[in-house]
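The values are calculated or read from the model by the stated rules, or taken from the named source; none is laboratory data. Everything numeric here is computed off the predicted structure, so don't read it as measured data. Quick reminder, even Gly has a Cβ in these numbers, built from the backbone with ideal geometry, and neighbours come from all protein chains shown. Accessible surface is based on the protein model in full, side chains and every heavy atom, while ligands, DNA and RNA are left aside. Shrake-Rupley method; radii C 1.70, N 1.55, O 1.52, S 1.80 Å.
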Amino acid sequence: MAQNDEPLTGPELDYGPAGDADATRVVRAGLPEERPYEPPLPGPVFAAHYHLPGEVEGAPYAYGRDSNPTWTGLERAIGELECPGDERTEVVAFASGMGAISAVLLSQLRPGDVAVLPSDGYNLLASLRERLEGFGVEVRTAPTGRDAQLAELDGAKLLWIETPSNPGLDVCDIARLAEAAHAGGTLVAVDNTLATPLGQRPLHLGADLSVASGTKALTGHGDVLLGYVACRDAELAASVRAWRKTVGAIPGPMEAWLAHRSLATLDIRTQRQAGNALAVAEALLSREEVSDVRHPGLPGDPSHTLAARQMSRYGCVVSFTLPDREFADRFLSAVRLVGDATSFGGVRSTAERRGRWGGDEVPEGFVRLSVGVEDAADLVRDVRHALDTAANGTAPG
Ligand SMILES: *Cc1c(COP(=O)(O)O)cnc(C)c1O
């Protein structure tokens, strides 16, 4: 099967001021000015405190829970990718995606406020919902597809969007939802984990906050947990940063450094992964034992038209349903190039039967496949072979 002979990503979208292409931007994002005999990316700074003579006010680095030069580099880099050319962009890095998500919801919502969440978003949103309700916040939910959250916006303080949604891969119209929300004074946050800033730019599309887990495709090697919040409003950024300082959900310097280092390959990784994901999704479509193949890049996908408008590449996740749980388990033990593991976005392909966690409303045979950077033809051959093996009914072994 030929690789790279078709356009594998969406259109080049007009994302504001012209400048370098993403491939160029990522290799220098957040790096300090070049100085003789200094490394291009300074190593991680391990410091609980910094020398601090005299006044505290205005000191860039005082205590390690408040700030760290390694975070500063990473935060600048992510800011350049989330909102190229906009100097106002501020990024606050967290210890994990959940640290970042919690920081936005818990710092912005007060008793009596209304929040609108997706009913089909990341499964831990349900725990946060319980927590928020315990604090006296009214939480409404609606599915991501068909912009169903629009109907719940009346009087809301905050709208939380996750697009594409994990694991269902539905897409909603960020610009349309943001416009409607802003008309009623509602703050808009988008979970941009699946797309990464190279696939989708929520702040350009009108959102107030772009929030993501950096654990997935952003860092892409399955060896770091990380999260971040990006926004262009200084007050909003300050309140999220104050929350981080209060709860201490800070990234380790080593993790922040590894994340910054991995950004240089974000363009080639996500480009390759999007192409591979489309090739695998197309191969799955032609199999009769596979149903509900979902990938926003598939021309026939219910999300495709909208995804093509607001995304510039469609991510590495393909979801599909096999006849039953046993079939799915046989498939997962028969694939050679796809590890049985959770999470997604890594350079090595992984997949899992999502129903094993509980919490997501998915069929027993539902598989979420994260496509890595391997050769597309090898992956397609391996997946086809594993489906044949699973169909022959061999017990997993
Ligand atoms: C993984 C994930 C999170 C949580 O991120 P962690 O880094 O695991 O805390 C949040 N949102 C989405 C869409 C995710 O896929």
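The table below gives the values:
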| read-out | value |
| --- | --- |
| From Ser210, Ser127, residue being among the hydroxyl-bearing types (Ser, Thr, Tyr), more than 11 Å from the ligand (Cβ to nearest atom) and open to solvent by 10 Å² or more (accessible area, probe 1.4 Å) | Ser127 |
| Inter-residue pairs, beta-carbon under 9 Å, first open to solvent by 10 Å² or more (accessible area, probe 1.4 Å) and in region 299-319, second hydroxyl-bearing (Ser, Thr, Tyr) and modelled with pLDDT under 95, 6+ apart | Ser312/Thr9; Ser312/Tyr15; Arg313/Thr9; Tyr314/Thr9 |
| The listed residue being in the same structural domain as Phe327 (by TED's automatic domain parsing) and either surrounded by fewer than 23 Cβ atoms within 10 Å (Cβ to Cβ) or assigned to a loop (DSSP other than H, G, I, E, B) (or both), out of Ala283, Ala242, Ala249, Ala277 | Ala283 |
| Selection count, region 81-97, where residues are within 16 Å of the ligand (Cβ to nearest atom) and not in a strand (DSSP E or B) | 4 |
| Selection count, region 163-196, where residues are open to solvent by 40 Å² or more (accessible area, probe 1.4 Å), part of a loop (DSSP other than H, G, I, E, B) and either within 15 Å of Cys316 (Cβ to Cβ) or out of contact with any helix residue (DSSP H, G or I) (no Cβ under 9 Å at 6 or more places or on another chain) (or both) | 2 |
| Considering residues of region 57-75 that are open to solvent by less than 40 Å² (accessible area, probe 1.4 Å) and not in a helix (DSSP H, G or I) only, the residue farthest from the ligand (Cβ to nearest atom) | Ala59 |
| Search result, residues across region 305-321 that are of a type outside the set (S, T, N, Q) and touching a strand residue (DSSP E or B) at 6+ places or on another chain (Cβ under 6 Å) | Cys316, Val317, Val318, Phe320 |
| Verdict on Gly155 being open to solvent by 10 Å² or more (accessible area, probe 1.4 Å) and either without any contact (Cβ under 8 Å) to a residue 60 or more places away in the chain or polar (S, T, N, Q) (or both) | yes |
| Test for Asp267: is it among the acidic types (Asp, Glu) and more than 16 Å from the ligand (Cβ to nearest atom) | yes |
| Sole residue being out of contact with any helix residue (DSSP H, G or I) (no Cβ under 6 Å at 6 or more places or on another chain), under 28 Å from Lys245 (Cβ atoms), within 11 Å of the ligand (Cβ to nearest atom) and modelled with pLDDT of 95 or more, chosen from Ala156, Ala100 | Ala100 |
| Checking Ile78 against (1) in contact (Cβ under 8 Å) with a residue 24 or more places away in the chain; (2) more than 16 Å from the ligand (Cβ to nearest atom), the condition it does not meet | (2) |
